[in-house]
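Have a look at the structure below before the remarks.
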């Protein structure tokens, strides 16, 4: 799941670098493997189908 989330972020325009919280070498290695995942437009659409954006709070 984390690799898929990172791959999705890397396919989004405007996302320069996702921040990962690797506490173990295995976590870092898995995050790097996300670079090898190529998502099709259909897969991205499916991942985003249930996403509901929330308004940013605290900004005027």
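Counting the residues of segment 10-21 that are surrounded by 13 or more Cβ atoms within 10 Å (Cβ to Cβ) and outside any helix (DSSP H, G or I) gives 3.
A search for C-beta distances below 8 Å between a residue of segment 34-60 that is at negative phi and touching a residue at least 24 places away in the same chain (Cβ under 8 Å) and any residue that is exposed (fewer than 10 other Cβ atoms within 10 Å of the Cβ) and not in a helix (DSSP H, G or I), counting only pairs 6+ apart in sequence or on different chains, returns nothing.
Whenever a residue of segment 1-25 is within 16 Å of residue 45 (Cβ to Cβ), its partners that are part of a loop (DSSP other than H, G, I, E, B), lying with C-beta atoms within less than 6 angstrom and at least six residues away or across chains, give the pairs 7/37; 7/39; 9/15; 9/18; 11/39. When residue 7 is tested against (1) modelled with pLDDT under 95; (2) assigned to a loop (DSSP other than H, G, I, E, B); (3) surrounded by 13 or more Cβ atoms within 10 Å (Cβ to Cβ), only condition (2) is not met. Taking segment 31-50 as the range and being within 21 Å of residue 17 (Cβ to Cβ) and assigned to a loop (DSSP other than H, G, I, E, B) as the test, the residues that pass are 37, 38, 39. Take segment 26-47 and flag every residue that is within 19 Å of residue 13 (Cβ to Cβ) and either surrounded by 13 or more Cβ atoms within 10 Å (Cβ to Cβ) or more than 11 Å from the chain's Cα centre (by Cα) (or both). Answer for segment 26-47, where residues must be within 19 Å of residue 13 (Cβ to Cβ) and either surrounded by 13 or more Cβ atoms within 10 Å (Cβ to Cβ) or more than 11 Å from the chain's Cα centre (by Cα) (or both): 34, 37, 38, 39, 40, 41, 42, 43, 44, 45, 46, 47.
The values are calculated or read from the model by the stated rules, or taken from the named source; none is laboratory data. Quick caveat: nothing in here was measured; it's all calculated off a predicted structure. For neighbour counting, all protein chains shown are included, and Cβ atoms are generated from backbone atoms with ideal geometry for every residue, glycine included.
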